[in-house]
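Take a look at the structure below.
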Amino acid sequence: MAINLAWRELDINAPAFTNREGRVLARALKCLLDPLVLQPRINTEIGAAVLDAEQMVRLKELLAAAQPRLEVASKWYDLLRAQRRALGITAGNAQELYFPRAYELATTLGAPGDDAIEHCREMLSEVHAIGGDAEQLRAAFNDPETLADLTADLQQHWDTAVGRSAPLSGDEIAELADAARDALSDRKRSRDTRRGWAQLREGGATALGEALRVQRDAAENFARAAESEITPDALAQTLPLTAPALADARTETIAPDQTIAPDRHGALDRPIEVRTRAAIRRLQGAGFAADIELLDDEIARSCQAFGMRDVDLGAAFVAGMLVAGWVHPLAASTHPGAPQALHPVISRARNEAYVLYLRRALHAGHAVHPEQEPVVADLRDFSRHYLRRLWTRLHGRDVLRLGLDVEGEAFELLAGVVRSTLHDQRQRMRRALEQFGGWDDDEERNDATIAA
């Protein structure tokens, strides 16, 4: 009664969680509100069977704090249910399975965008594993005894990796920086690019990846020597690197006033659980079953340089570190250290209509709408988002053992990740404009609106 009363008074528009009369569904209370929003075990003052006026105020405060996410989660639930039907999934109760996951999507991604269907299919792939030992793999992270064994195994692998790691001298870093610049000096297979990629593949990239475990300033010195600039936290929150966490913190209970922002972490800040879930999706997407050995593989892989076994993929990541430091969409001009071959890529990033609009507004000292401020923050932190996306792509290739022809494919892959990272921000800007009536179905008009 109290929850329904507070729900109506707040006018929460989340029809997926209510019946036709507007009353909160029992499963919404059991699977979503109690564990993720109200949390009566933590907020004991609202745990009584009958609430007084003061307790009622607290209940409304908790619901009000979660209202935006509940309303967005309702939209995610409808999309999840639609994709469930499209995929012919019949296992399990949709409300019990998807209510909490819709809230997770609302918390981590916000309102559904153009890529919502893709995110829903990924979520459904995790929930409804087909073939292999995927469910057993996920369950391993909820078993205390298994977690203890995995923790010991991970630490043993990491200690071994640290033991074989060594810091790089200034001359070694300078030589590695020259090799990486050479590799990116031309889009085609020139003599310089071949020589640069060869040096990275033949131990240079691995040496840098291992140095990150024992040398705090290795990445910064490398970028500086290559006339690039990268903040260390774009790679990891803590340098030298420490062993990755085992479990994903996002699977823990979400406080009502907490917004989970995975992109605050660097490219290498990925728990084993996150890596394993990503590997499962990659394998299932390619038509392979995920076997229980995958967990051991991910633990071992996480202790390799940059968390990848394939040296060609590691070389591509090292080159990507420099690209990340050269692309500054909001900068007044192209970074002076960037090779000529990358200038078209950087120019395209700087001349995106929404980037031009924001850069002009910031340069003129104009206020940016609160809905657009996150886009500005992400553009200023472009290197972190770029490296996270790049690592995900390379890790996926490593899981599938696809490798990479660095001389023929790496440049286009690195440039493609710049474009896709910018596309994400454009979609975010689009949603902000749509919300406030500034978006038109005519793309040219949109560009004119943004760039005006």
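The values are calculated or read from the model by the stated rules, or taken from the named source; none is laboratory data. No experiment lies behind these values; they were computed from the predicted model shown. With ideal geometry, Cβ positions are generated from the backbone for all residues, glycine too; neighbour counts draw on all protein chains shown. To get the accessible areas, we keep the full protein, side chains included, count just its heavy atoms, and leave off ligands, DNA and RNA. Shrake-Rupley method; radii C 1.70, N 1.55, O 1.52, S 1.80 Å.
Magnitude of the charge dipole for the stretch 57-132, about its Cα centre and with charges confined to Cβ atoms of Lys, Arg (+1) and Asp, Glu (-1), is about 280 debye. Summarising the amide proton neighbourhood of residue 308: residues at separation of 5 or more, or on other chains, whose placed amide H is nearer than 5 Å comprise an empty set. Calculated mean residue ellipticity at 222 nm for the chain: -18000 deg cm²/dmol, from DSSP H runs with n ≥ 4 weighted as -39500 (n - 2.57), summed, divided by the residue count and rounded to 500.
Shape verdict for the stretch 2-98, please, from the Cα gyration tensor: rounded (a/c under 1.5), prolate (a/b greater than b/c) or oblate. In terms of gyration-tensor shape, prolate. Counting only protein heavy atoms and a probe of 1.4 Å, the accessible surface of the chain is 48% carbon and sulfur.
Largest accessible area first, the residues 419, 281, 301 order themselves as 419, 281, 301 under a 1.4 Å probe with ligands, DNA and RNA left out.
Sorting 405, 398, 149 by solvent-accessible area of protein heavy atoms yields 149, 405, 398, largest first, with a 1.4 Å probe. Given a 1.4 Å probe and the protein chains as shown, residue 423 ends up with an accessible area of around 100 Å². Sorting 231, 206 by solvent-accessible area of protein heavy atoms yields 231, 206, largest first, with a 1.4 Å probe.
For a quick protection proxy, order the peptides 174-182, 155-163, 407-415 by their average other-Cβ count within 10 Å, most packed first.
Answer by packing, highest mean first, reads 174-182, 407-415, 155-163.
When only alpha carbons of the stretch 32-153 are considered, Rg and Dmax amount to 17.8, 53 Å. Once C-alpha pairs closer than 8 Å and six or more residues apart are averaged by separation and normalised to the residue number of the chain, the relative contact order reads 15 percent. Can you tell me how the stretch 285-362 classifies by the Cα gyration tensor, rounded, prolate or oblate, using a/c under 1.5 as the rounded cut? It comes out prolate by the Cα gyration axes.
When only the Cβ of Lys, Arg, Asp and Glu is charged (+1, +1, -1, -1), the dipole of the chain relative to its Cα centre reaches about 780 debye.
Counting only heavy atoms of the protein chains, get the accessible area per residue of the chain (1.4 Å probe) and round it to a whole Å² value.
I get 48 Å² per residue for the chain.
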